Amino acid sequence: MDKVRIGIVGIGNMGTAHANYLGRGEVAGAELAAVCDVSQDRLRWAEQQFGGRVATFDSVEAMFASGKIDAVLIANRHFDHPGTAMLAFEHGLHVLCEKPAGVYTRNVREMNEAAARSGKLFSMMYNQRTNPLYAKLKDLVDSGELGAIRRTNWIITTWYRPQSYYDSGGWRATWAGEGGGVLLNQCPHQLDLWQWITGLAPKRIRAFCTFGKYRDIEVEDDVTAYVEYENGATGVFITTTGETPGTNRFELVGEKGKIVVEDDKLTFWRLRVSEPEFNRQFKGQFGQPESWKIDIPVRGQETGHKGVTQNFVDAILKGTPLLAPGEEGINGLLLSNAMLLSSWTDNWVDVPMNEDLFHELLQQKIDSSVFRS
């Protein structure tokens, strides 16, 4: 194979963006071969935009069975991501899935199992992993420059959304339409980066989510969560769609110093002697290790969605390692599911969490949702 024929499922906002750069030939080795949508208006748009070069389908099954594609880019409803991916694997197709991986981990776990059985490549559209700022931070953590992590703190409140945004579609910010709010719709990238960079999985979570706090919506729009890890480290995650101006500050404290990512800069307060070593040796009363403030140089350019798609295509054609393996999509989703479950039960949630209880409570929310598809 010298070219990957890609079909897109769902040509709404994100699917349209993917179709445009693929249609312009901006991903080497890739060809936009087909699109699928239930909306005839969107299919007419595709026909006008790409002409006869791109096949159009109003049925996922028909597109997958057509023989016209080698891989699929999934950009339909959150709820439909796992089912669409599993059907694609059954047809022997490679899969690149938009975030989130799904709405609840039980279903995403089934998707991961189907991917493993298929032997096909599976990737998530975690475009923030192409950001050189976060790639450099991960490199620093992985290399041991920070030492063992003791605390993380991420305040991400730059997701301001007015009521008119939510009113633009009856499905928006409803349990039946989207399956969640700021955690599922706006924050999947941060939740992914949080665990990807630190390499830590929490052992338990306590979260406080409020639902419709700032807007007339069903789902969570304000979250404060506290997590504990097996190594004794702790973390705090704060997000909302109701604050402006917002803050995006990610802080990691380790045995060898502190790293802060804010305002597109990476600053490292590096200890000349690690805190545990200093504590063992120091005999005074109020001393502390010498600290150097270092502005870490960050090189490279964020390639975003196109970068992830290029990596996916290169993995198929050349065996390039995936930047965002699909099975890792469950990690960030587990965090958001556990945060919601903690709020719904007003209690700690241990990890692994009770996936059946989460699904049961989510289904109750869906059944009472104002949206009906």
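A few remarks follow.
- Scanning the range 83-106 for residues that are over 13 Å from the mean Cα position of the chain (by Cα), open to solvent by less than 20 Å² (accessible area, probe 1.4 Å), farther than 21 Å from residue 341 by Cα and of a type outside the set (A, V, I, L, M, F, W, C) yields one hit, 84.
- Given (1) farther than 23 Å from residue 245 by Cβ; (2) in contact with an Asp or Glu (Cβ under 6 Å, 6 or more places away or on another chain); (3) crowded, with 19+ Cβ neighbours inside 10 Å, number of the condition residue 148 does not satisfy: (3)
- Annotation: residue 192 fulfils all but one of (1) touching a residue at least 12 places away in the same chain (Cβ under 8 Å); (2) over 17 Å from residue 239 (Cα atoms); (3) acidic (Asp, Glu); the unmet one is (2).
- Residue within the range 358-367 that is at pLDDT 95 or above and in contact with a Leu (Cβ under 6 Å, 6 or more places away or on another chain) present: yes
Table: residues versus (1) among the hydroxyl-bearing types (Ser, Thr, Tyr); (2) open to solvent by less than 40 Å² (accessible area, probe 1.4 Å); (3) in contact with a Gly (Cβ under 7 Å, 6 or more places away or on another chain).
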| residue | (1), (2), (3) |
| --- | --- |
| 21 | yes, yes, no |
| 44 | no, no, no |
| 47 | no, no, no |
| 50 | no, yes, yes |
| 53 | no, no, no |
| 56 | yes, no, no |
| 59 | yes, yes, no |
| 63 | no, yes, yes |
| 73 | no, yes, no |
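- Highlighted here are the strands (runs of 3 or more DSSP E) found entirely within the range 202-251 that include at least 2 residues which are basic (Lys, Arg) and in contact (Cβ under 8 Å) with a residue 60 or more places away in the chain: 202-211.
- Scan of the range 221-256 for residues that are open to solvent by less than 40 Å² (accessible area, probe 1.4 Å) and over 19 Å from residue 335 (Cβ atoms), ordered by number: 242, 246, 253, 254
- For the range 127-162, a residue qualifies if it is charged (D, E, K, R) and either touching a helix residue (DSSP H, G or I) at 6+ places or on another chain (Cβ under 9 Å) or within 22 Å of residue 276 (Cα to Cα) (or both), and the qualifying residues are 129, 138, 142, 145, 150, 151, 161.
- Residues satisfying the stated conditions in the range 280-334, i.e. in contact with an Asp or Glu (Cβ under 8 Å, 6 or more places away or on another chain) and either open to solvent by 20 Å² or more (accessible area, probe 1.4 Å) or farther than 17 Å from residue 126 by Cα (or both): 289, 306, 316, 317, 320, 328, 331
- Beta carbons closer than 8 Å, at least 6 apart along the sequence or on distinct chains, pair a first residue in the range 57-70 that is touching a residue at least 12 places away in the same chain (Cβ under 8 Å) with a second that is among the polar types (S, T, N, Q) and open to solvent by less than 30 Å² (accessible area, probe 1.4 Å) for 60/84.
- Within the range 346-373, tally of residues that are open to solvent by less than 60 Å² (accessible area, probe 1.4 Å) and hydroxyl-bearing (Ser, Thr, Tyr): 1
- Residue in the range 296-334 that is nearest to residue 191 (Cα to Cα), counting only those that are over 15 Å from the mean Cα position of the chain (by Cα), in a helix (DSSP H, G or I) and charged (D, E, K, R): 306
- Top-ranked residue of the range 166-200 - restricted to ones that are over 16 Å from residue 130 (Cα atoms) and outside any loop (DSSP other than H, G, I, E, B), ranked as most open to solvent (accessible area, probe 1.4 Å): 167
The values are calculated or read from the model by the stated rules, or taken from the named source; none is laboratory data. Model, not experiment: these values are computed from the prediction. Using ideal geometry, Cβ is built from the backbone for each residue, glycine included, and neighbour counts are taken over all protein chains shown. Ligands, DNA and RNA are excluded from the accessible area calculation, which covers all protein heavy atoms including side chains. Shrake-Rupley method; radii C 1.70, N 1.55, O 1.52, S 1.80 Å.
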